[in-house]
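In what follows, a structure is listed as structure tokens, so that the remarks can point back to it.
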Amino acid sequence: MALPQSAYKDREFLAVIGDEHVTDPPSSQKNYLVVDAKTELATIEGAFESFTRGRRDIAIVLINQHIADKIRPKVDGYAEAFPAVLEIPSKDHPYDPERDSVMKRVRKLFGE
Amino acid sequence: MATISSLTPLPKPEDAGEVMAELTTLHDQLDSLWERYLAHLDEYQEAQKQIQKQLSSGFFSLAQANFKSRDRGRYGQDYYDGRTKASRRCGIRHNDDASATLGVEIVTVVVDEQGSTTKGTKGENDEKTEPRQQPSPPSTPAPDDHAQRPVKSDAPTANKQNEPAPPPQVSSGPPRDPLHWFGILVPRELRSAQSSFSCALAGPLLDAVNAGRALRGVEAEIRRVRKAVRRMEKAAGS
């Protein structure tokens, strides 16, 4: 399905939701969220909503997989074309294809 | 009471033939869609493997850098400079088949003849050169290698060939390297970590993002064709 150029012409930044080792350099309007043990679920959800639906300048959202697990329903339910959401491993949590939302969709398609 | 003549007539032989031909075409379409889907799946899985490899290498180098500089403190968010601006931007290219591919470009800071600073990336439209963020006040001079490094894109952008020739401008290189947050002389391991993370961003991360998007697109087509096949099979069966 062809998207109009207006849907993505302003999207040029990466956003990151991750632990301390993953976050990108900050910008004037923060495009990252550092998550630690004290970060509340609502904060993570709010950041995800902001990066995916609130802002028009984000093209890619990178999120550590173990943090995506905390907001799994939101990540799995995300179906927009832009920004693209990608689950990445972190220092202490390697990538697990069983939990990746992309691979879940693949298994669902094969399973039908 | 319904009579045989009032019931829906059975499909004539030529209609049944058309239905079968249609079904065969749909099955062929489905097969080629599955082929594409599996190719994109393979790309995605391969990209995720490379991401794991690159990021692991980066984390390991970071751990080594932290180990070597125990007196100084950890290389972490405590040293982040809040004024830093993006040194990489995403470019979205519109393909011939109406899909979009994401790429990442290195940002340059361009000083025009009036001395005002604007940011741009190679190959973008003029309207995109308006500053979206205030430039960082220069605190240390940019290293010479940054000024002399040629501006290059990791992926081509849309409308590159349709751009008018830009006015003469002086390029002062990309934004300040985040490594300088930690001082001028940083350990080799920290540079290596930055290199690993940058390579991951420019390569496998983008490949994974594009493959994931392609998977979604092909998945939608597969569902559509499957639905058509079921409808056709139902019509042929009745």
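The values are calculated or read from the model by the stated rules, or taken from the named source; none is laboratory data. Being a predicted model, the structure only gives us computed values, none of them experimental. Don't worry about glycine lacking a Cβ; one is built from the backbone with ideal geometry, like all the others, and counts go over all protein chains shown. SASA here: full protein model, heavy atoms, side chains in, ligands and nucleic acids out. Shrake-Rupley method; radii C 1.70, N 1.55, O 1.52, S 1.80 Å.
What tally of residues in the range A:56-66 results from selecting those that are within 11 Å of chain B (Cβ to nearest Cβ) and part of a loop (DSSP other than H, G, I, E, B)? Give the steps one after another, and end with the answer.
In the first step, residues of the range A:56-66 are kept if they are within 11 Å of chain B (Cβ to nearest Cβ); the result is A:57-62, A:64-65.
Then keep just the ones that are part of a loop (DSSP other than H, G, I, E, B); that gives A:57.
Counting residues in the range A:56-66 that are within 11 Å of chain B (Cβ to nearest Cβ) and part of a loop (DSSP other than H, G, I, E, B) gives 1.
Any chance you could count how many residues in the range B:22-45 are without any contact (Cβ under 8 Å) to a residue 24 or more places away in the chain and charged (D, E, K, R)? Talk me through it step by step, then tell me what you get.
Our first condition is that a residue be without any contact (Cβ under 8 Å) to a residue 24 or more places away in the chain; within the range B:22-45, this holds for B:24-25, B:28, B:31-32, B:35, B:38-39, B:42, B:45.
Keeping just the survivors that are charged (D, E, K, R) gives B:28, B:31, B:35, B:42.
Here the count works out to 4.
Go through the range B:48-68 and give me each residue that's under 16 Å from B:Ser198 (Cβ atoms) and open to solvent by less than 80 Å² (accessible area, probe 1.4 Å).
Quick first cut of the range B:48-68, residues under 16 Å from B:Ser198 (Cβ atoms) only: B:50-51, B:53-62, B:65.
Selection gives B:Gln50, B:Ile51, B:Gln54, B:Leu55, B:Ser56, B:Ser57, B:Gly58, B:Phe59, B:Ser61, B:Leu62, B:Ala65.
Quick check, is B:Asp71 open to solvent by 20 Å² or more (accessible area, probe 1.4 Å) and in contact with a Phe, Trp or Tyr (Cβ under 6 Å, 6 or more places away or on another chain)?
Spelling it out, it is not the case that B:Asp71 is open to solvent by 20 Å² or more (accessible area, probe 1.4 Å) and in contact with a Phe, Trp or Tyr (Cβ under 6 Å, 6 or more places away or on another chain).
Which of the residues spanning the range B:16-66 are among the hydroxyl-bearing types (Ser, Thr, Tyr) and out of contact with any helix residue (DSSP H, G or I) (no Cβ under 7 Å at 6 or more places or on another chain)? Even if it seems obvious, please write down each step before you answer.
Let us first name the residues in the range B:16-66 that are among the hydroxyl-bearing types (Ser, Thr, Tyr), namely B:24-25, B:32, B:37, B:44, B:56-57, B:61.
Hits for the range B:16-66 are B:Thr24, B:Thr25, B:Ser32, B:Ser56.
All but one of (1) open to solvent by 30 Å² or more (accessible area, probe 1.4 Å); (2) part of a loop (DSSP other than H, G, I, E, B) hold for A:Arg53; state the number of the condition that does not hold.
Unmet condition: (2).
Just to verify a result, which residue in the range B:189-238, among those that are among the β-branched types (Val, Ile, Thr) and within 12 Å of chain A (Cβ to nearest Cβ), is surrounded by the fewest Cβ atoms within 10 Å (Cβ to Cβ)? So that I can check it myself, show each step before the final result.
The first filter runs over the range B:189-238 and keeps only residues among the β-branched types (Val, Ile, Thr), leaving B:209, B:218, B:222, B:225, B:229.
Subsequent filtering for residues that are within 12 Å of chain A (Cβ to nearest Cβ) retains B:209, B:218, B:222.
On the way: B:Val209: 26, B:Val218: 20, B:Ile222: 18.
This residue is B:Ile222.
Are any residues in the range A:67-107 among the aliphatic types (A, V, I, L, M), touching a helix residue (DSSP H, G or I) at 6+ places or on another chain (Cβ under 6 Å) and more than 12 Å from every other protein chain (Cβ to nearest Cβ), and if so, which ones?
Hits for the range A:67-107 are A:Ala68, A:Ile71, A:Val75.
Restricting the search to the range B:60-83, which residues are out of contact with any Asp or Glu (no Cβ under 9 Å at 6 or more places or on another chain) and within 7 Å of chain A (Cβ to nearest Cβ)?
Scanning the range B:60-83 gives B:Tyr80, B:Gly82.
I'd like to check something: does the range B:110-122 contain any residue that is at pLDDT below 90, closer than 30 Å to B:Leu215 by Cβ and at the interface with chain A (Cβ under 10 Å from one of its Cβ atoms)? Give the steps one after another, and end with the answer.
Here is the first cut: in the range B:110-122, the ones at pLDDT below 90 are B:110-122.
Retained after the next criterion (residues that are closer than 30 Å to B:Leu215 by Cβ): B:121-122.
Now narrow it down to the ones that are at the interface with chain A (Cβ under 10 Å from one of its Cβ atoms): B:121.
Yes, the conditions are met somewhere in the range B:110-122.
Out of B:Ser153, B:Ser192, B:Ser136, B:Ser171, I need the residue that is modelled with pLDDT of 55 or more and more than 30 Å from B:Leu33 (Cβ to Cβ). Which one? Let's see the steps before the verdict.
Numbers: B:Ser153 fails: modelled with pLDDT of 55 or more; B:Ser136 fails: modelled with pLDDT of 55 or more; B:Ser171 fails: modelled with pLDDT of 55 or more.
Going through B:Ser153, B:Ser192, B:Ser136, B:Ser171 in turn, just one is modelled with pLDDT of 55 or more and more than 30 Å from B:Leu33 (Cβ to Cβ): B:Ser192.
Might you let me know whether the range A:34-48 holds any residue that is open to solvent by 10 Å² or more (accessible area, probe 1.4 Å), within 10 Å of chain B (Cβ to nearest Cβ) and in contact with a Gly (Cβ under 8 Å, 6 or more places away or on another chain)?
Yes; the residues of the range A:34-48 include at least one that is open to solvent by 10 Å² or more (accessible area, probe 1.4 Å), within 10 Å of chain B (Cβ to nearest Cβ) and in contact with a Gly (Cβ under 8 Å, 6 or more places away or on another chain).
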